[in-house]
Amino acid sequence: MVSEQHSPERREITVRRAPRFVPFLALGVVAGFIAALFVAYGGAENPSFTREATLGFFTMMFALPGLLLGALTALALDWISVRKARRSMVESVDPAEPESREQPYS
């Protein structure tokens, strides 16, 4: 049986921690809703509109800027993570070959 010896493929990769955008967007919307709660229920009641209608209006008015603020925060953190990225060298391993290293806790 002849075993072929081939060298593993090596390549350089970039390693960084990138933020997930959806939690930042959701947090911005929640912050906008909380601000709308303070505005709708914190002041004097308007006889022309119910507090719920006022809450709905201000939720839309504050949720969109909150969404934008969350997106800008995520973009700023993403930009910082790009600047702190590190380069590393990796090599491919054939999954059919058994590992030559000892397994811990065996």
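The values are calculated or read from the model by the stated rules, or taken from the named source; none is laboratory data. Note that the structure is predicted; figures quoted are calculated from it, not measured. Backbone-built Cβ (ideal geometry, glycine too); neighbour counts: all protein chains shown. Accessible surface is based on the protein model in full, side chains and every heavy atom, while ligands, DNA and RNA are left aside. Shrake-Rupley method; radii C 1.70, N 1.55, O 1.52, S 1.80 Å.
Worth a mention:
- For region 19-55, the set of residues classified as assigned to a helix (DSSP H, G or I) and among the charged types (D, E, K, R) consists of 51, 52, listed by residue number.
- Single condition residue 80 does not satisfy, out of (1) in a strand (DSSP E or B); (2) within 22 Å of the chain's Cα centre (by Cα): (1)
- Residues being without any contact (Cβ under 8 Å) to a residue 24 or more places away in the chain and among the polar types (S, T, N, Q) - total across region 38-91: 4
- Taken over region 9-61, the residue count meeting the criterion of being open to solvent by 70 Å² or more (accessible area, probe 1.4 Å) and out of contact with any Ser or Thr (no Cβ under 9 Å at 6 or more places or on another chain) is 16.
- Failed condition for residue 14, given (1) farther than 30 Å from residue 78 by Cα; (2) hydroxyl-bearing (Ser, Thr, Tyr); (3) modelled with pLDDT under 90: (1)
- Subset of region 62-94 [surrounded by 12 or more Cβ atoms within 10 Å (Cβ to Cβ) and not hydrophobic (A, V, I, L, M, F, W, C)]: 65, 66, 70, 73, 78, 81
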